[in-house]
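Here's a structure for you.
Laboratory data are not the source of any read-out in this text; all were calculated from the coordinates shown. Since we're looking at a predicted model, the values are computed, not measured. Note: ideal-geometry Cβ built from the backbone for every residue, glycine included; neighbour counts use all protein chains shown.
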Amino acid sequence: MSDETPNSNPKVGVLARASRSFKSGAVRLEESALFMYLRAFSRAGIILIALGFFLDLDDRQAATEFRAWQTLSSSAPGNIGKAEAMEYLVAAGEVLDRTQARSAYLANAKIRGVSLSYADLSNSDLTGADMR
């Protein structure tokens with residue numbers, strides 16, 4: 001066994017002094033005006049990003065709705081996402097009466113609450129579709 005105490009070990013003393021020096025430097029840094037400004041700017045930045053996200057939300061929803069209408073009215077035959085476009089538009093509260101959705105692939109589509117009065121679904125595949 002050694003008679004050395006932790007304080008007599010030179011490595012422990014250096015580490016303790018470095019730790020105290022680091023802590024006091026960190027406290028001084030936190031108290032500095034620059035650090036306070038950086039903290040305030042970072043908080044303001046987070047608030048501005050969140051605000052921008054919510055302000056842009058309406059534009060993104062309108063763009064998604066526009067793309068759904070484009071898909072639904074496209075004359076391209078086959079499965080190009082017309083069933084999904086219909087589902088989205090019905091969920092968004094849009095009325096699909098008089099919709100021109102020729103040659104739509106709507107097989108097995110489950111679109112509840114859709115109103116398709118006077119809609120043109122000529123040449124569409126409605127096998128197994130449920131549109132009550």
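Modelling each spin label as a point 7 Å along the Cα-to-Cβ direction, I'd like the Met36/Asn108 distance in nm, to one decimal.
That separation, rounded to one decimal, is 6.5 nm.
Let me know the charge dipole size of the stretch 57-132 about its Cα centre in debye, to the nearest 20, where only the beta-carbon of Lys, Arg (+1) and Asp, Glu (-1) is charged.
160
Let me ask something additional. So, in nm, how far is label Ala50 from label Asn79 when the simple model puts each one 7 Å beyond its Cα toward the Cβ?
Here the modelled spin labels are 4.2 nm apart.
Please compute the net charge surrounding Gly52, taking Lys and Arg as +1 and Asp and Glu as -1 over other residues with Cβ under 13 Å from its Cβ. All intermediate terms of the calculation are to be shown ahead of the outcome.
Numbers: positive: Arg60; negative: Asp56, Asp58, Asp59.
Charge balance near Gly52 sits at -2.
Right, something else. Using the Cβ atoms and a cut-off under 10 Å, what net charge is assigned to the surroundings of Thr71, where Lys and Arg are +1 and Asp and Glu are -1?
Details: positive: Arg67, Lys82; negative: Glu84.
With Lys, Arg at +1 and Asp, Glu at -1, the neighbours total +1.
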